[in-house]
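Report on one structure; see the data block that follows.
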Amino acid sequence: MRPVFGIAGYVLREAISRKFILAFLVGITLVLAVVAMSLRLDVIDGALAASRLFGNELRSSIQSVDVALRPVYQGAAFIVFYGGILFGIVACSDFAPGLMSPGRIEHLLALPIQRWQLMAGTFLGVMTLALGGTLYGTTGLVVIFGVKAGYWTAGPLIAGLMACVGFAAVYAVMLTTATLVRSAALCAAAGFALLVGGIVAGHRQDISTFFEEGVSRTLFMAVTVMLPRLSALAEAAGHISASTPLEVRSLGTLLLGVFVFGLGALAVGFWRFEGKDY
Amino acid sequence: MPAIEVTDLRKTYHRPFRKTGNIALRGMTLTVPRGSAFGLIGPNGAGKTTFIKSILGIVQPSHGTIRVLGGSPEDTAVRARIGYLPERLHLPNAWLPTAFLGTVVQLKGLPPDPAGNLRMLERVGLGDAVTRKIGGYSKGMRQRLGLAAALLGKPDLLILDEPTDGIDPMGRMEVRRILQEEVQRGATLFLNSHLLAETERVCDRVAILADGQVVREGRMEDLVRGDSRWVARFAPGVDAPRLAEAGFVAGGADGVFHVEATDPGALNAALDRARATGALLVELRRDGMDLESVLLGTVRARTGVAA
């Protein structure tokens with residue numbers, strides 16, 4: 001496994017040297033700092049009596065802290081899920097094509113590492129980056145609201161981890177695309193297409209009513225059944241973050257579906273990469 | 001056991017939706033002895049890069065067998081003993097050279113050795129540029145850094161694709177010295193360079209590749225040596241017609257003549273005849289060719305073009 005971690009470290013070092021990823025981390029820090037310094041919450045006996053943002057009072061009825069913070073945590077979960085995946089698609093689109101560029105891939109393949117280790121290391125490096133960024137943002141949010149309101153929950157952290165699971169499936173497709181075509185733009189396009197497809201797949205039952213019964217509806221259902229239900233995962237993450245009941249029948253099945261899809265996409269990429277000449 | 005042993009190596013690059021592909025190697029057979037400095041030369045498109053990639057496992061051959069250091073190039077234990085410098089090494093611009101070498105050390109499975117990495121940078125002439133990011137390096141400096149990466153871990157086999165590309169003449173001398181040191185250490189050097197003078201100076205064996213096949217291979221001195229033709233230079237005032245009667249053909253420069261002699265006896269007999277005419281010998285050498293002439297002659301003979 002040492003070469004896998006070596007390649008992951010290579011990817012992370014490459015990522016850290018990029019200004020826009022550093023800017024993203026600085027941006028998260030600034031948002032958290034602004035929230036921490038500008039938001040004031042008055043909590044009396046576990047109820048949110050008053051809240052001020054930049055000194056202006058936010059009108060709301062007195063309610064318990066956990067109920068009052070639900071929309072905040074749910075909104076944050078959606079931002080982390082969709083915003084994080086979108087940023088990940090853009091920021092990580094050229095990692096794999098960069099590693100597979102002429103002059104670099106020959107050098108890497110001539111080193112004593114297996115091809116699958118190169119792929120696995122790239123995937124691990126990108127996922128470490130995604131996980132680090134997500135945990136940094138969500139932990140900061142939980143700590144700020146925990147300190148200010150005295151309400152501590154692991155919901156946003158779990159929601160962040162679920163966003164990482166969704167991104168893993170998306171990046172698996174991007175990595176596989178890189179083994180077929182060495183293009184950052186096409187990798188990003190493939191990731192974006194899967195995100196849209198995943199949103200559609202999450203609402204496939206509702207959307208299918210727009211298709212006429214018969215071949216078209218069957219075809220739509222057949223195509224979308226193979227895609228990961230990313231929007232359903234995002235909604236589940238929102239519910240977990242807000243500590244509200246889940247609407248999906250089985251979170252385990254949902255996660256398993258996303259996991260299997262990502263694994264399948266990676267398997268295709270590994271197979272293609274093993275037999276490719278550079 | 002040879003360092004590289006390739007038998008009937010064929011490689012065809014197939015393209016999707018096409019029945020025929022591009023044939024890069026057409027049954028190439030080559031043996032590179034251990035400890036030798038071996039040069040591979042040939043025209044563009046001869047298959048040199050495909051061959052190098054094949055022996056490193058970067059390209060998978062269509063047919064044939066490859067043994068490198070007694071094993072398969074797919075074996076990571078074999079690749080751990082190889083140092084490779086690709087033709088156009090793409091380096092991470094935002095990194096420091098020490099970080100790059102540290103990563104290569106890690107990926108080669110070697111123990112971390114920051115002091116050793118610094119010594120290696122000094123060895124390739126980058127001692128003054130250790131604190132500069134790779135993005136600020138010139139082409140020649142990048143090439144030196146690539147060479148440093150290839151030399152890490154004292155590899156048994158060094159495969160260098162255009163190692164002196166972009167390096168100034170003084171730098172080339174330094175690189176040549178390093179390569180000679182490596183060969184003296186016992187490493188096998190496999191060099192692909194368009195700079196034939198470079199190959200001629202560094203290598204003791206050469207193979208000429210044309211149209212995907214080895215068309216000539218052997219010791220450098222055998223390839224560049226003329227078979228029975230000698231160059232003799234006489235002191236001024238020779239009697240050219242009498243020398244011509246003695247079998248000497250006037251060369252381009254004043255006092256320079258060519259003579260055919262298949263053995264030492266015939267050569268000395270010819271020289272005795274020349275001296276009998278009053279000619280005074282000041283220089284005698286075999287009428288050899290440089291590597292460029294050998295390459296051109298070989299490739300033209302192969303393609304049927306008159307030299």
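Among the residues of region A:73-82, none qualifies, meaning not one is within 14 Å of chain B (Cβ to nearest Cβ) and surrounded by 13 or more Cβ atoms within 10 Å (Cβ to Cβ). If the condition is being under 17 Å from B:T20 (Cα atoms) and either aliphatic (A, V, I, L, M) or at the interface with another protein chain (Cβ under 9 Å from one of its Cβ atoms) (or both), then region B:53-67 contributes no residue at all. Put simply, of A:T134, A:T138, A:T122 the only residue that is within 14 Å of chain B (Cβ to nearest Cβ), out of contact with any strand residue (DSSP E or B) (no Cβ under 6 Å at 6 or more places or on another chain) and of a type in the set (S, T, Y) is A:T122. The helices (runs of 4 or more DSSP H) found entirely in region A:123-210 include none that carry 1 or more residues being at positive phi. Can you find a residue in region A:207-222 that is touching a residue at least 40 places away in the same chain (Cβ under 8 Å), among the β-branched types (V, I, T) and either over 30 Å from A:T153 (Cα atoms) or surrounded by fewer than 20 Cβ atoms within 10 Å (Cβ to Cβ) (or both)? There is no residue in region A:207-222 that is touching a residue at least 40 places away in the same chain (Cβ under 8 Å), among the β-branched types (V, I, T) and either over 30 Å from A:T153 (Cα atoms) or surrounded by fewer than 20 Cβ atoms within 10 Å (Cβ to Cβ) (or both).
Of the numbered criteria (1) surrounded by fewer than 21 Cβ atoms within 10 Å (Cβ to Cβ); (2) out of contact with any helix residue (DSSP H, G or I) (no Cβ under 8 Å at 6 or more places or on another chain); (3) touching a residue at least 12 places away in the same chain (Cβ under 8 Å); (4) within 14 Å of chain A (Cβ to nearest Cβ), the one B:T50 fails is (1). The number of residues in region A:83-102 that are surrounded by fewer than 17 Cβ atoms within 10 Å (Cβ to Cβ) and more than 14 Å from every other protein chain (Cβ to nearest Cβ) comes to 3. Answer yes or no as to whether A:R249 is of a type in the set (K, R) and either over 28 Å from A:G121 (Cβ atoms) or part of a helix (DSSP H, G or I) (or both). Yes: the conditions hold for A:R249.
Taken over region A:233-261, the residue count meeting the criterion of being crowded, with 22+ Cβ neighbours inside 10 Å and either touching a Phe, Trp or Tyr at 6+ places or on another chain (Cβ under 8 Å) or among the small types (G, A, S) (or both) is 7.
Quick grid of which residues meet (1) closer than 14 Å to B:G83 by Cα; (2) more than 14 Å from chain A (Cβ to nearest Cβ):
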{"site": "B:P155", "(1), (2)": "yes, no"}
{"site": "B:I159", "(1), (2)": "yes, no"}
{"site": "B:R172", "(1), (2)": "no, yes"}
{"site": "B:L179", "(1), (2)": "yes, yes"}
{"site": "B:V183", "(1), (2)": "yes, yes"}
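Residues in region A:217-239: is at least one closer than 30 Å to A:S64 by Cα, assigned to a loop (DSSP other than H, G, I, E, B) and acidic (D, E)? Scanning region A:217-239, I find no residue that is closer than 30 Å to A:S64 by Cα, assigned to a loop (DSSP other than H, G, I, E, B) and acidic (D, E), so the answer is no. Every listed requirement among (1) part of a loop (DSSP other than H, G, I, E, B); (2) within 13 Å of another protein chain (Cβ to nearest Cβ) is met by B:T98 save one, (1). The residue that is surrounded by the fewest Cβ atoms within 10 Å (Cβ to Cβ), among those in region B:77-95 that are within 19 Å of A:P97 (Cα to Cα), within 7 Å of chain A (Cβ to nearest Cβ) and in contact with a helix residue (DSSP H, G or I) (Cβ under 7 Å, 6 or more places away or on another chain), is B:A94. Looking across B:E217, B:E200, one residue alone is acidic (D, E), in contact (Cβ under 8 Å) with a residue 40 or more places away in the chain and closer than 20 Å to B:A3 by Cβ. It is B:E217. Checking A:I105 against (1) of a type in the set (V, I, T); (2) more than 14 Å from chain B (Cβ to nearest Cβ); (3) buried (at least 17 other Cβ atoms within 10 Å of the Cβ), which test does it fail? Here A:I105 meets the rest and fails (2). Does A:I62 qualify as being closer than 28 Å to A:G132 by Cβ and away from chain B (no Cβ under 14 Å)? Taking the combined requirement at face value, the residue does not satisfy it. Pairs linking a residue in region A:76-104 that is closer than 28 Å to B:L145 by Cα to a residue that is among the basic types (K, R), with Cβ atoms under 8 Å and 6 or more positions apart or on different chains, are A:P97/A:R182; A:G98/A:R104; A:M100/A:R182; A:S101/A:R182; A:P102/B:R88; A:G103/B:R88. Listed conditions (1) in a loop (DSSP other than H, G, I, E, B); (2) buried (at least 22 other Cβ atoms within 10 Å of the Cβ) are all met by B:E74, apart from (2).
For B:A115, the criteria (1) surrounded by 22 or more Cβ atoms within 10 Å (Cβ to Cβ); (2) in a helix (DSSP H, G or I) hold in every case but one, which is (1). Where residues in region B:36-45 are under 14 Å from the mean Cα position of the chain (by Cα) and in a loop (DSSP other than H, G, I, E, B), which of them is surrounded by the fewest Cβ atoms within 10 Å (Cβ to Cβ)? The qualifying residue surrounded by the fewest Cβ atoms within 10 Å (Cβ to Cβ) is B:P43. Suppose the filter is within 12 Å of B:L291 (Cα to Cα) and either surrounded by fewer than 18 Cβ atoms within 10 Å (Cβ to Cβ) or of a type outside the set (G, A, S) (or both); does B:E221 pass it? So B:E221 passes the test.
Residue by residue, here is whether (1) modelled with pLDDT under 90; (2) assigned by TED's automatic domain parsing to the domain that holds B:V124; (3) polar (S, T, N, Q) holds:
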| site | (1), (2), (3) |
| --- | --- |
| B:A148 | no, yes, no |
| B:R176 | no, yes, no |
| B:Q180 | no, yes, yes |
| B:R185 | no, yes, no |
| B:T188 | no, yes, yes |
| B:L191 | no, yes, no |
| B:H194 | yes, yes, no |
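Being within 12 Å of chain A (Cβ to nearest Cβ), more than 21 Å from B:S36 (Cα to Cα) and either in a loop (DSSP other than H, G, I, E, B) or charged (D, E, K, R) (or both) is the requirement here; does B:L110 meet it? In short, yes.
Working only within region B:130-151, note down all residues that are of a type outside the set (S, T, N, Q), assigned to a loop (DSSP other than H, G, I, E, B) and more than 10 Å from chain A (Cβ to nearest Cβ). Within region B:130-151, B:V130, B:R132, B:Y137 meet the criteria.
The values are calculated or read from the model by the stated rules, or taken from the named source; none is laboratory data. Just so we're clear, the structure is a prediction, and the values are computed from it rather than from any experiment. So basically every Cβ, Gly included, is an ideal-geometry build from the backbone, and we count neighbours across all protein chains shown.
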